[in-house]
Amino acid sequence: MFYKKELLENMSQGARLKFIRENKGIKLNDIATYLGYSSNKSIREWENNTKSPDAKNLSRLAEAYGVSIDAIKNYDFIDPIDEIYYQMWFEEQYPYYQLKLPDRFTRSSYNFNVQKGINEWLKLREKKENYEITDQEYLELKLNFKIDD
C-alpha cells in the first residue's frame, strides 16, 4: 500500500485547511455536518479564503481534524510557534525544501524559541528520512507540534 500525499497549494489558511481535510479523507459535507451547517458553503468559503473561521469554528475544526490550532490559525508571528509552523508548511508546499533559517534568528528569546522548535522539528524530519516513522506519522506529528518547555 502506498501513501500519496497532495502538495500544499499555497501558504494561506484556506489552503492549509483544505490540505488537512483532504489528507484526512474528510468530505466537505461531513465537516459541515459536524459543525452543524446545513450546507458546505462556509467550509468552501474558508478553504477559498473568501472568509475565515471564527475562533469557535477554528477550535472545532482543529478538534475534528485532530490537529493543533497552531497548524490552522492565521499567523501573525508574535508567537514563535507561528514561524515554526510557517516553515513546516513551506515544506509541504516544496517537499525537497532544505531549511535554512535567516541570520535574523539570533540573540532574542523569540528567536531562541524559534531555533529550539526548529531543532525539535528537524529531529522529527531525520526520523522520517531514516524510515523510523512514516510520511503520514511525520505529517501528524507536524500538525500537532508544540515547543517543549
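The values are calculated or read from the model by the stated rules, or taken from the named source; none is laboratory data. Since the model is a prediction, treat every value here as computed from it, not as a measurement. Ideal geometry is used to build each Cβ from the backbone, glycine not excepted, and the neighbour counts take in all protein chains shown.
Points worth noting:
- Residues of region 21-42 that are under 22 Å from Met11 (Cα atoms), without any contact (Cβ under 8 Å) to a residue 24 or more places away in the chain and among the hydrophobic types (A, V, I, L, M, F, W, C): Leu28 alone.
- Region 58-86, subset of a type in the set (Phe, Trp, Tyr) and in a helix (DSSP H, G or I), residue farthest from the chain's Cα centre (by Cα): Tyr65
- A search for C-beta distances below 9 Å between a residue of region 77-94 that is more than 18 Å from Asn111 (Cβ to Cβ) and any residue that is acidic (Asp, Glu) and surrounded by 13 or more Cβ atoms within 10 Å (Cβ to Cβ), counting only pairs 6+ apart in sequence or on different chains, returns Gln93/Glu9.
- Of the residues making up region 78-104, those that are of a type in the set (Asp, Glu) and either at pLDDT below 90 or in contact with a Leu (Cβ under 9 Å, 6 or more places away or on another chain) (or both) are Asp79, Glu83, Glu91, Glu92, Asp103.
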